[in-house]
Amino acid sequence: TAIRAFGYPAALLSMVLQAGFVASKDTSTPLLAVPLTAAVNLIGDLLLVGPLGMGVAGAAWATVGSLYANMAMLLVLWSNKMRSLGGEPSTNRLFKRPRSAELMALVKFAAPMMVAL
């Protein structure tokens, strides 16, 4: 599980991107990433567990690799979707710097949870 923790950022971003596709009423496009993800995981398992003899740790590293492959594929698909929608390039960015008021609201919300941890 410690090795798989390296994949948490990719898993989180993948979930956010999938939610973005679903929110835009496009549930089929994220499925295009599934074959790539499965292939990366399978090849990683075959190499890391078999010839390299890493055992369970190899399987975990293969899973982490597949999480990042999934994230990369979803980012490409989302970028293509945003480009196809047209409009101003500045309004179609995936990541935007929050305005001061938005950032302060986030800090006020998250600060108590961070202190509790």
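Cβ-Cβ distances below 7 Å connect no pair with a first residue in segment 8-19 that is more than 16 Å from Leu31 (Cα to Cα) and assigned to a helix (DSSP H, G or I), a second residue that is acidic (Asp, Glu) and open to solvent by 40 Å² or more (accessible area, probe 1.4 Å), and a separation of six or more residues or different chains.
For (1) open to solvent by 50 Å² or more (accessible area, probe 1.4 Å); (2) part of a helix (DSSP H, G or I); (3) at pLDDT 95 or above; (4) aliphatic (A, V, I, L, M), each residue gets a yes or a no:
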site	(1), (2), (3), (4)
Leu47	yes, yes, yes, yes
Gly53	yes, no, no, no
Gly65	no, yes, yes, no
Asn70	no, yes, yes, no
Val76	yes, yes, no, yes
Lys81	no, yes, no, no
Ser90	yes, yes, no, no
Leu94	yes, no, no, yes
Arg97	yes, no, no, no
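Of all residues in segment 46-75, those being out of contact with any helix residue (DSSP H, G or I) (no Cβ under 7 Å at 6 or more places or on another chain) and at positive phi number 1. For segment 1-45, filtered to residues that are among the small types (Gly, Ala, Ser) and under 23 Å from Val56 (Cα atoms), the residue that is most open to solvent (accessible area, probe 1.4 Å) is Ala2.
The values are calculated or read from the model by the stated rules, or taken from the named source; none is laboratory data. Please read all numbers here as calculations on a predicted model, not as lab measurements. Because the Cβ atoms are built from the backbone with ideal geometry, glycine has one as well, and the counts that use them run over all protein chains shown. To get the accessible areas, we keep the full protein, side chains included, count just its heavy atoms, and leave off ligands, DNA and RNA. Shrake-Rupley method; radii C 1.70, N 1.55, O 1.52, S 1.80 Å.
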